[in-house]
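K.L.:
The following block contains the structure, expressed as structure tokens.
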Amino acid sequence: MNYCHDCAVKPSEFHKDGCDVERCPNCGNQMLMCGGDCGLTDEIWNKRKPWTGTWPGQEEAIEYGFY
């Protein structure tokens, strides 16, 4: 199983606060660095997705044949 290397959650779980892998659901940047300064609202935050077991962007790279 591909646990998150930073916060150790398993796929289908949400990253823990301060995780360096989680992406901002509003702007897509690293959540740890964004901090919601991009206009993130509670409504958008509640639409975030759980950890899939793959790195951010990896699924898209596979889909487009770059991986």
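The values are calculated or read from the model by the stated rules, or taken from the named source; none is laboratory data. Because the structure is a prediction, the values reported are computed rather than measured. Note that each Cβ is placed from the backbone with ideal geometry, even for glycine, and that neighbours are counted across all protein chains shown. Keep in mind that these areas ignore ligands, DNA and RNA; they rest on the heavy atoms of the full protein, side chains included. Shrake-Rupley method; radii C 1.70, N 1.55, O 1.52, S 1.80 Å.
K.L.:
Which of the residues belonging to segment 34-54 are more than 11 Å from Arg23 (Cβ to Cβ) and open to solvent by 100 Å² or more (accessible area, probe 1.4 Å)?
P.N.:
Asp37, Asp42, Glu43, Asn46, Lys47
K.L.:
Also, quick follow-up: Could you count how many residues in segment 8-33 are among the charged types (D, E, K, R) and open to solvent by 90 Å² or more (accessible area, probe 1.4 Å)?
P.N.:
Number of matching residues: 3.
K.L.:
Report every pair of residues separated by at least 6 positions or lying on different chains whose Cβ atoms are under 6 Å apart, first residue within segment 12-33 and of a type in the set (Val, Ile, Thr), second loosely packed, with under 15 Cβ neighbours inside 10 Å.
P.N.:
Val21/Asp6
K.L.:
Turning to a different aspect of this structure: Within segment 1-56, count every residue that is within 9 Å of the chain's Cα centre (by Cα), of a type in the set (A, V, I, L, M) and assigned to a loop (DSSP other than H, G, I, E, B).
P.N.:
Qualifying residue count, segment 1-56: 1.
K.L.:
Still on this structure, please answer the following. Starting from residues that are over 11 Å from the mean Cα position of the chain (by Cα) and part of a loop (DSSP other than H, G, I, E, B), keep the ones in segment 57-67 and report whichever is nearest to Lys10 (Cα to Cα).
P.N.:
This residue is Tyr67.
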